[in-house]
Amino acid sequence: MKQMLLSEKHKGFTLIELVVVIAILAILSAFAIPRFADMADEAHRSSVEASGGALVSAVVLVRSQWLAKGNSVAVDDLEGYGDETIDTSVDGWPTGVGGNNNPGAMSAAECQNLWIKLLQSSAPSVSTAVGSDYLASTFGGDCRYTYQRDTSGNYVQYDPDTGEVITVIN
């Protein structure tokens with residue numbers, strides 16, 4: 001058994017070393033914390049941009065399917081897209097899922113159903129009430145999907161008259 005001599009010093013950190021380490025950590029955290037906050041904001045913006053891009057792709061795919069089928073009139077339950085419940089206008093743009101072929105007759109509920117059916121299983125949640133990823137509403141006859149996971153007011157808007165999708169990042 002090894003015995004400790006009284007003259008041996010215990011090794012450890014001095015007070016100066018501890019103060020220096022704490023100061024370095026404080027300086028690093030002063031720069032890192034704002035960057036992490038920016039990362040959360042950037043993640044929210046990226047989510048809205050991705051949703052807008054997915055909606056653009058879905059709208060174009062529906063119209064392409066409408067054209068490929070040789071349609072020149074409004075169609076209920078477009079064959080070949082998703083679960084074949086998408087309705088289109090006379091111009092081939094998606095307008096609903098329950099027999100709505102009139103782009104001027106969009107309601108918040110119709111916009112919600114359209115989002116769900118266009119984006120299918122990978123869609124962020126949407127509702128006409130607060131509490132989902134996106135709040136579906138109408139704005140000037142267009143479907144507006146306002147991002148609810150932050151307070152920036154970012155949104156995706158779909159115009160069923162022209163098929164135009166715009167993403168607004170504030």
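Of note:
- Considered as a group, the residues in segment 40-87 that are small (Gly, Ala, Ser) and more than 23 Å from the chain's Cα centre (by Cα) include one that is surrounded by the most Cβ atoms within 10 Å (Cβ to Cβ), and that residue is Ala74.
- Residue tally, condition at pLDDT 95 or above and either outside any loop (DSSP other than H, G, I, E, B) or within 15 Å of Leu55 (Cα to Cα) (or both), over segment 78-89: 3
- Of Trp115, Trp93, all but one fail to be in contact with a Gly (Cβ under 7 Å, 6 or more places away or on another chain) and among the aromatic types (Phe, Trp, Tyr); the exception is Trp93.
The values are calculated or read from the model by the stated rules, or taken from the named source; none is laboratory data. As the structure is a prediction and not an experimental result, all values here were calculated from the model. Counting neighbours? That spans all protein chains shown, and the Cβs are built from the backbone with ideal geometry, glycine included.
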